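Notes follow the structure.
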Amino acid sequence: MTDSVFGPSSEAATELTGAQSVLETLFACGVDACFANPGTSELHLVAALQNDTRMRSVLCLFEGVATGAADGYSRVAGKPAATLLHLGPGLANGWSNLHNAKKAKTPLINIVGEHATWHLPLGASLTSDLRGLSASISDWTKVSASAADVGADVALAHQAATAKGGQIATLILPADTTWSKGGVVGKPLPPLPRTRIGDAVIAQALGVLRSGRRVAFLVTGDSLMGEGREACTRIAAKTGATFFCHGLNRQMERGAGRMEFRRLSGWGEEALKVLSNYDDLVIVGTGQPILSFAHPTYDSVLVPRSMRALRVGSAEDDMTGALVTLADAVGQPDAQTVNKLLAQRTSFDLATGALTAESIGRAINKYLPEGAIVSDESGVAGAGTYPFTAKAAPHDCLFLTGGSIGQGLPVALGAAMAKPRRKVLALEADGSGMYTLQALWSIARARLDVTTVVFSNRQYGILMRSVGMYGIPGLENGVPDLFDLSNPDLDWARLAEGMGVEGHTCRTAEEFNRLFADCMARKGPQLIEAVL
């Protein structure tokens, strides 16, 4: 019996194809989830996935869902997930949520099929500059040369993805490298250590804390989780420093028993007003605060001219190690002072009457279960919920790091795949949600415990707020047609039902309270459209 290009015969079953070596190497590296929207050039990879139950494979109906879900999975699992994408157009469709993942420093491996090596020069309809496209969003890109190389290349991709606090690694596989025999399982490579922040810089930060001046910290990333968060709490309790974070962070532990980091507004006047109360700003593992977009009258850098700023490392450095060293240097605070900083569980009274972000926040505060994961892309419409969740049960919150909308639902999908025993709550703006609505289908198909709350104000609220900030002539009155999501109104309950998700619509606080309490008490995919 002879082999075909579509796979080995049973007589050669012990000899791996390139596709089989890809899967075996991924699994050897600890990668056990793949979010896929494959095409013809990936058929042999699909066959490998189909026949191996060790890898959790999730079909996504749009590549932007696949890349966003891989981001959510990796954030929560603490290890890379893989995507499987089809040629240049497939990678291009996933680009937006890869941008968010890159800003979040999420470790992620893209496996992208390419035309067979001898077919590529012929210029078939789906031919593109795949290497160039990958370079525009990836920290690491490689094109495999043969079936014998792909296993080792997968191991290199994994090492690259886990380096420097998390990177986007893209491996391009010409079709003949996957269907050909001669595949070799790649040996997992040791992780590359993060750069240690030097003693001299730590000493400078310690000097700032001991100066007697009013000190603020700006932190992000690992500093908001686990050992990093605890170190920040110790520093704040011992020195009285105030800890701020960016408004959009990869992941944050919030709720009762945890210190609340103050989110620094990206709106110029608000941020400058807050920071003007301090003399020094210590920036750990991130860049200086800046406006999201230039403004004709505000400085782009949101640091008051009277303030001294000290930058301690970059996102690629060991932020947690630096904060722990600094916390040890300032000394152990007393327990009473620490307890004063920790949020106490507070149950707010439920609202009645009109449905608002505040009334929704009160219900979330009351009913959110301990250990929940919140994917927050609620935008301007849902911003009023944030203060109430600070004193809810302990939970994790995932944010829109890169500002490219359409992240919330896919990230919720990935988070639920990573932690199936934890309730996942997606707080979603109606305009953003329409970018990746298809995620609901994958959530329903996997029967994941995800409740989605859609803040339906039927407009691009962030743009309306920008109009007020910029005072643009011609946009002063009403909602411009290009910001308006009504006429016709989106019917999210019916859209959800069409995707296999139980859908509800509410217009009063009482309706929302009842529906949300029920959703938190039951498992499975559910959606509430909150018409504001």
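For this structure, a couple of remarks:
- Contacts under 6 angstrom Cβ, first residue in the range 54-80 being free of Cβ contacts under 8 Å to residues at least 40 places away in the same chain, partner part of a helix (DSSP H, G or I) and among the hydrophobic types (A, V, I, L, M, F, W, C), 6 or more apart: Arg54/Phe27; Met55/Leu49; Ser57/Leu49
- Qualifying residue in the range 514-524 (condition: surrounded by 14 or more Cβ atoms within 10 Å (Cβ to Cβ), more than 20 Å from Asn365 (Cα to Cα), touching a Gly at 6+ places or on another chain (Cβ under 9 Å) and in the same structural domain as Ala416 (by TED's automatic domain parsing)): no
- Any hit, the range 390-411, residues being more than 21 Å from Thr106 (Cβ to Cβ), in contact (Cβ under 8 Å) with a residue 12 or more places away in the chain, crowded, with 22+ Cβ neighbours inside 10 Å and in the same structural domain as Gln526 (by TED's automatic domain parsing): yes
- Members of the range 260-283 that are free of Cβ contacts under 8 Å to residues at least 60 places away in the same chain, assigned to a loop (DSSP other than H, G, I, E, B), within 22 Å of Thr239 (Cα to Cα) and within 27 Å of the chain's Cα centre (by Cα): Phe261
- In the range 378-389, residue modelled with the highest pLDDT [restricted to those that are surrounded by fewer than 24 Cβ atoms within 10 Å (Cβ to Cβ) and touching a strand residue (DSSP E or B) at 6+ places or on another chain (Cβ under 7 Å)]: Thr389
- Candidate set: the range 44-91, residues that are hydroxyl-bearing (Ser, Thr, Tyr) and in contact with a Gly (Cβ under 9 Å, 6 or more places away or on another chain); chosen: the one nearest to Pro191 (Cα to Cα): Ser74
- Complete set of residues in the range 284-315 that are closer than 17 Å to Asn249 by Cα and either without any contact (Cβ under 8 Å) to a residue 12 or more places away in the chain or of a type outside the set (Ser, Thr, Tyr) (or both): Val284, Gly285, Gly287, Gln288, Pro289, Ile290, Leu291, Ala315
- Only one of the listed residues (Leu368, Leu326) is aliphatic (A, V, I, L, M) and not assigned by TED's automatic domain parsing to the domain that holds Ser223. That residue is Leu368.
- Those residues of the range 135-176 which are of a type in the set (S, T, N, Q) and either within 26 Å of the chain's Cα centre (by Cα) or within 18 Å of Cys34 (Cβ to Cβ) (or both), in sequence order: Ser136, Ser138, Thr141, Ser144, Gln159, Thr162, Gln167, Thr170
- Gly433 more than 24 Å from Cys34 (Cα to Cα), in a helix (DSSP H, G or I) and of a type outside the set (Ser, Thr, Tyr): no
- Qualifying helices (runs of 4 or more DSSP H) (wholly inside the range 446-532; at least 2 residues being among the aliphatic types (A, V, I, L, M) and at pLDDT below 95): 461-470
- Qualifying residue in the range 95-114 (condition: aliphatic (A, V, I, L, M), surrounded by fewer than 24 Cβ atoms within 10 Å (Cβ to Cβ) and over 20 Å from the mean Cα position of the chain (by Cα)): no
- Residue in the range 62-74 that is part of a helix (DSSP H, G or I), among the hydroxyl-bearing types (Ser, Thr, Tyr) and either surrounded by fewer than 24 Cβ atoms within 10 Å (Cβ to Cβ) or not assigned by TED's automatic domain parsing to the domain that holds Phe35 (or both) present: no
- Within the range 334-368, considering residues that are of a type in the set (Ser, Thr, Tyr) and closer than 12 Å to Glu510 by Cα, the one surrounded by the most Cβ atoms within 10 Å (Cβ to Cβ): Ser359
- Here is the figure for the range 47-61: residues that are farther than 23 Å from Val411 by Cα and part of a helix (DSSP H, G or I) total 3.
- Residues of the range 131-161 satisfying the condition of being of a type in the set (A, V, I, L, M, F, W, C) and without any contact (Cβ under 8 Å) to a residue 12 or more places away in the chain: Ala135
- Residue in the range 240-259 that is more than 26 Å from Ile462 (Cα to Cα), in contact (Cβ under 8 Å) with a residue 40 or more places away in the chain and charged (D, E, K, R) present: yes
- For the range 307-391, the helices (runs of 4 or more DSSP H) that sit wholly inside it and include 1 or more residues that are charged (D, E, K, R) are 319-330, 335-341, 357-367.
The values are calculated or read from the model by the stated rules, or taken from the named source; none is laboratory data. From a predicted model like this one, the values you see are computed outputs, not experimental measurements. Neighbour counts run over all protein chains shown; Cβ positions are idealised from the backbone, glycine included.
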